[in-house]
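Every read-out reported here was derived from the displayed coordinates using simple, explicitly stated rules and does not represent laboratory data. The model shown is predicted, which means the values in this text are computed figures rather than measured ones. Backbone-built Cβ (ideal geometry, glycine too); neighbour counts: all protein chains shown.
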Amino acid sequence: PTPLILDTDPGIDDAVAFLFAVNSPELDLRAVTTVFGNVGPELTSANALRLLTLLGRADIPVGIGADRPLVYPAAFRAEGWHGADGLGGQSALLPEPAAKPDPRGAVQLMADTLRAAESPVTIVAIGPLTNVALLLASYPELKPRIGRLSIMGGGLAAGNTTPAAEFNIWSDPEAARRVLVEEDVPTSLVPLDLTLRCAVDGAWLAELAAAGGPAETLARVVDHYRRQYLAFYGVDEVALHDVLAVLEAARPGMLRRTALPVEVDCGTGAGRGATFGNRMPDATGRRIDVLLDADVAEVSRFVLDRLTAGIAAT
Ligand code: BDR
Ligand code: CA
């Protein structure tokens, strides 16, 4: 299996991504690192520890990372979507953490994990990209040990936080620009354009809940998201954005890649945090793999099967 680091801000869809990661035989989750984002860093870290305990994997170290963006202060969190506790108000359904955070912190833990791995490591990043930017800036010599970055973020067509910007990129555009534009590590970007198309409906969530164990607990966490979607968009479906970045790591090829040079708007106007892909055929510059298409029915069936596979402990 591919060694995996999960960089995350749990977060309801992040929580589902944890289950997908530990249930994926192609992946070997070696470390979890947390970042500010949906809620503050104390909560994202506590939630990561609780989730690993729920999944019977409290042995996996959790390193606490950035508590703010690189340059400007954090302006906004996503408590409306994720609940004040980051887990849809349901964190009491999860066990108390069976482990403490790793004293090394996120960036050092990532670096040590990269150094210790016997083969290239995939980093799945499903929150603001602050920790990843700090890692690449601090340990450039470790870049060859990163097989791929698989990132949930951006939206070429529209944002979900401002008209221009998706939440993870908007939360730290300078970090995102460093990672997506300035660096040269092989990168997959799963944007809103695809995650919204792969939204799941009430019947899908009922199947998830019926599986029992951690899948049922997480289905109850997702219920909050579902109510928010109904209130905001008037539809009975939810996009489990972050899960698709783990799917891309586990099953490269299931989501269809388009190699594009991408730019991130780091200005302070209405476009701040926007991601743009350049479709000019002879465009120069670094290309990253943007996941823009998939067989949506195949993806939602695959994700459900993976989440309900009986590997995780109760
Ligand atoms: C992203 O923003 C967060 O709220 C979600 O967890 C996901 O990572 C979607 O825009
Ligand atoms: Ca997230």
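Miscellaneous remarks
- Residue list for the range 204-248, filter: acidic (Asp, Glu), farther than 20 Å from Phe167 by Cα and outside any helix (DSSP H, G or I): Asp236
- Every residue from the range 263-292 that is under 18 Å from the mean Cα position of the chain (by Cα) and more than 24 Å from Leu70 (Cα to Cα): Asp289, Val290, Leu291, Leu292
- Here Thr44 fulfils each of the conditions (1) within 16 Å of ligand 1 (Cβ to nearest atom); (2) of a type in the set (Ser, Thr, Tyr); (3) not in a helix (DSSP H, G or I) apart from (3).
- Taking every residue in the range 273-289 that is under 23 Å from Leu129 (Cβ atoms) and pairing it with any residue that is surrounded by fewer than 15 Cβ atoms within 10 Å (Cβ to Cβ), at least 6 positions away or on another chain, the pairs with Cβ-Cβ distances below 7 Å are Arg286/Asp184; Arg287/Ala259; Asp289/Ala259.
- Residue match in the range 194-217 (condition: acidic (Asp, Glu), in contact (Cβ under 8 Å) with a residue 60 or more places away in the chain and more than 13 Å from ligand 1 (Cβ to nearest atom)): yes
- Of all residues in the range 74-108, exactly one satisfies the criterion of being free of Cβ contacts under 8 Å to residues at least 40 places away in the same chain and either on the phi > 0 side of the Ramachandran plot or within 21 Å of the chain's Cα centre (by Cα) (or both), namely Ala75.
- Residues satisfying the stated conditions in the range 147-189, i.e. more than 9 Å from ligand 1 (Cβ to nearest atom), of a type in the set (A, V, I, L, M) and touching a strand residue (DSSP E or B) at 6+ places or on another chain (Cβ under 8 Å): Leu149, Ile151, Leu156, Ala164, Ala165, Ala176, Val179, Leu180, Val181, Val185, Leu189
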